[in-house]
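Down below is the structure, laid out as structure tokens.
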Amino acid sequence: MDYTAQVNSFLPKSSIPTIALASTILETGLGILLFIGFKTKYAAYATALLTLFFALAMTCSFGIKEPLDYSVFTFSAGAFLLATMPYYNWSIDQLFIK
């Protein structure tokens, strides 16, 4: 929660526990969905938005160098790219199509 407070320094302190819990649940859940390939398009869009918000929060709190050093914008763009793919080989989604 300390790092969440640092990244979101522009938000009220009372919202930090909620943000920390929500981001942990979203990151874990979306990671699992992407790993197994279930609802990949939706999971990729959600991941792209989550990482974009994270990059913007890092930029507001630490400056532009920090998210660029950790390639957060690149990760977000990669997730957006994954969301635009027409199909996903080796995914659970492909099993439902066939």
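On a 0 to 90 degree scale, rounded to 10, what angle separates helix 72-83 from the longest Cα axis of the chain?
Around 20 degrees separate the two axes.
So which aspartates and glutamates pass the test for K13, namely a Cα distance under 19 Å, with those fewer than 8 places away in the same chain ruled out?
In chain and number order, the partners are D2.
At 7 Å along the Cα-to-beta-carbon direction for both I92 and K65, put a label point, then send me their distance in nm to one decimal.
About 4.3 nm, to one decimal.
Rounded to the nearest 10 degrees, what's the angle between the helix 16-36 long axis and the longest principal axis of the chain, both from Cα atoms, 0 to 90?
Roughly 20 degrees, rounded to the nearest 10.
Can you give me the relative contact order of segment 2-97 as a percent, contacts being Cα pairs under 8 Å and 6 or more apart?
So the answer I get is 32 percent.
At 0.36 nm per residue, and after removing the present C-alpha to C-alpha distance, how many nm does the segment from Q6 to M85 gain when stretched out fully? Mind dumping the intermediate values first?
Details: separation 79, 0.36 × 79 = 28.44 nm, distance 3.50 nm.
Gain on extension, Q6 to M85, equals 24.9 nm.
Every number here is computed from the coordinates shown, using simple stated rules; none is lab data. The structure presented is a predicted model; accordingly, all values stated were derived computationally and were not measured. Using ideal geometry, Cβ is built from the backbone for each residue, glycine included, and neighbour counts are taken over all protein chains shown.
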